[in-house]
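The values are calculated or read from the model by the stated rules, or taken from the named source; none is laboratory data. Computed from a predicted structure; not experimentally measured. Cβ coordinates were reconstructed from backbone atoms using ideal geometry, including for glycine residues, and neighbour counts include every protein chain displayed. Surface areas here come from the heavy atoms of the whole protein model, side chains and all, with no ligands, DNA or RNA. Shrake-Rupley method; radii C 1.70, N 1.55, O 1.52, S 1.80 Å.
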Amino acid sequence: MKATDGVDLDIRRGEIFGLLGPNGAGKSTLVRQLTGLMRPDRGSVEILGHDIVCHPERAARILAYLGQESSALDELTVSLAAETTARLRGLEVRRARAERDAVLEELGLTALASRPIRKLSGGQRRLACFATALVGERPLLVLDEPTTGMDPVARRAVWSAVDRRRAERGTTVLLVTHNVIEAETVLDRVAVLDRGRVIACDTPAGLKEQVAGEVRVELVWRESAPLHVPEVAALRDRAVESGRKWTLRLAPEEARAAVATVTGGAAFTALDDFTLATPSLEDVYLALGGNVTGLVKA
Amino acid sequence: MSVVPAEVLPSSARALEKAPARRASAELGPRARLWPALVAVYRAQLSRARVARIPLLFVATFQSVGIMILMRGVVDGGGEARAVVAGASVLVVAFVALNLLAQYFGQLRASGGLDHYATLPVPPAAVVLGAAGAYASFTVPGTLVTAVFGCLLYGLPLAHLWVLALVIPLAGAALAGLGAAFGLLAPRPELATLLGQLGMSAALLLGVLPADRMPGVVRFARDLLPSTYGVEAFARTFGPDPDWAFVFGDLAVCAGVGVVSLAVATWAYRRAAVR
């Protein structure tokens, strides 16, 4: 059983590169190999000119990693977590404290500085952990779902902090996500992973061009689909059903016809809601043969 | 996977080969040195122990005080009283340094929390020694309270309690190293907890009960337990004219076991951090 197989990626300096895929696609394995936490059975990992397979200990001196787990920091205060992490990145006391203060201020965490991390809300906790990834500057940030549970204000703080570092210092970011909306808005390029393989790698716009000829139609029925309407019954074969919701990817003229059908006559009385949208990365993922359960739109 | 400068990437396939990339190698960030990193870990661990472990420290102290009160009915002074007070005091160290540290590292390892340390340029020894040191320090108040209470209860002299300044760090090192190794080597966190509990129970039964009433096999087990030497060293100082050579001899055994167990724990950390 291979977690990842034949993955070949080149991330450019200064870009925000995303790994998109549902849980179990192999994103975490790839990240563990990149951060020196796991040695790949075969292949090479090179970061900014350093061979991480031969020298895994160098990874910690090139990159900052924000994992999904915060149990090492949970019982510390926000301030001490950031300061300790800075010290462990080799900063001397005074600089560690100065960086701690600057980063907490930048992320709007100063008011929470003396609170233990585990007493914060999920989003605040995540933001505090993100702060520990920023202290003691590194040219590469590896962020594993950094914005999980965050409110829009916190999300904005994260992406402004990332953008600032990119503009001022050319920081490279590798972002692991299963959130398609975030992937579309913040990434320069994205690799789509499915079952341990890269099934596509391009800019979000480039990927979406692959399904540019299609329109996504979502229909939500009040109770059940009116299958006695022949046009609706015909659509069923092409729909992905999840509860009362049908998702269809159709050519524009088909989509127009479908909308005309469901917004008139017997079908309309059974309809709760419908949306018509240009394709998202989720549709790309589906079109590429991915298994969509596990991707999140938020 | 590799990260190469943008300017060399699109032009030609050759640009991806090693030579040009190597020329552009990024400067490595500083490495955290052993001592400052150890101090940083120690401080952080002590603060989390303060936040999360104070109730448990009370439990440890009450347990030892309770045992001494119970044994008061059985033991009536002399060598046995010294053994009970010394054993109950060192039991506090075993409770926190061995049992709680085994649980901590077991849970940290199982939850993936070790990744945080493993992706920082910090020497493994700093993480293990910092945590072990913090847990050992955390036993100080409980051990002192137990020892003073025991001396008053059994009418033992308080004059040589200063020896705790050696007993706590040395027995603490030996037991914390053992606890850390248990936590980091146990394949499951429940097993780490179990090993920690068993270690503490051994320290309780073999340390507190007077040795001369034990059968030969149990006495042999007692000799294998590092906390025994802390107990013996401490118990000797209650005598009218302590033989300091034996006291320091026992403490030297603690120190030796401490060095070995902390080295094993450091090795176990390294092994657990990179899976």
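Annotations for the structure displayed:
- Of all residues in region A:228-251, those that are out of contact with any Asp or Glu (no Cβ under 8 Å at 6 or more places or on another chain) and either under 22 Å from residue A:282 (Cβ atoms) or surrounded by 13 or more Cβ atoms within 10 Å (Cβ to Cβ) (or both) total 12.
Quick grid of which residues meet (1) free of Cβ contacts under 8 Å to residues at least 24 places away in the same chain; (2) open to solvent by 60 Å² or more (accessible area, probe 1.4 Å); (3) away from chain B (no Cβ under 14 Å):
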| site | (1), (2), (3) |
| --- | --- |
| A:148 | no, yes, yes |
| A:174 | no, no, no |
| A:199 | no, no, yes |
| A:216 | no, no, yes |
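- Among (1) in contact with a helix residue (DSSP H, G or I) (Cβ under 8 Å, 6 or more places away or on another chain); (2) open to solvent by less than 80 Å² (accessible area, probe 1.4 Å) - the single one residue B:216 does not satisfy: (1)
- Residue that is farthest from residue B:233 (Cα to Cα), among those in region B:128-162 that are in contact with a Lys or Arg (Cβ under 9 Å, 6 or more places away or on another chain) and in a helix (DSSP H, G or I): B:130
- Residue pairs whose Cβ atoms lie under 9 Å apart, separated by 6 or more positions or on different chains, with the first residue in region B:98-127 and more than 8 Å from every other protein chain (Cβ to nearest Cβ) and assigned to a loop (DSSP other than H, G, I, E, B) and the second open to solvent by 10 Å² or more (accessible area, probe 1.4 Å) and of a type in the set (Ser, Thr, Tyr), are B:123/B:266.
- Of the strands (runs of 3 or more DSSP E) that lie entirely inside region A:213-281, those containing 2 or more residues that are within 29 Å of residue A:180 (Cα to Cα) and in contact with a helix residue (DSSP H, G or I) (Cβ under 7 Å, 6 or more places away or on another chain) span A:215-221, A:245-250, A:271-277.
- Condition met for residue A:46 (charged (D, E, K, R), facing chain B (nearest Cβ under 8 Å) and open to solvent by less than 30 Å² (accessible area, probe 1.4 Å)): yes
- Looking across region B:124-147, the residues that are among the β-branched types (Val, Ile, Thr) and open to solvent by less than 20 Å² (accessible area, probe 1.4 Å) come down to B:127, B:128, B:139, B:143, B:146.
- Extreme residue, farthest from the other protein chains (Cβ to nearest Cβ), among residues of region B:43-67 that are in contact with a Ser or Thr (Cβ under 7 Å, 6 or more places away or on another chain) and among the β-branched types (Val, Ile, Thr): B:65
- Look at (1) facing another protein chain (nearest Cβ under 8 Å); (2) surrounded by fewer than 20 Cβ atoms within 10 Å (Cβ to Cβ); (3) free of Cβ contacts under 8 Å to residues at least 12 places away in the same chain and you find that residue A:80 fails only one, number (2).
- Check on residue B:75, away from chain A (no Cβ under 13 Å), touching a Pro at 6+ places or on another chain (Cβ under 8 Å), in a loop (DSSP other than H, G, I, E, B) and among the β-branched types (Val, Ile, Thr): yes
- Within region A:5-28, the residues that satisfy the criterion of being within 13 Å of chain B (Cβ to nearest Cβ) and either open to solvent by 30 Å² or more (accessible area, probe 1.4 Å) or among the aromatic types (Phe, Trp, Tyr) (or both) are A:6, A:7, A:8, A:10, A:12, A:13, A:17, A:28.
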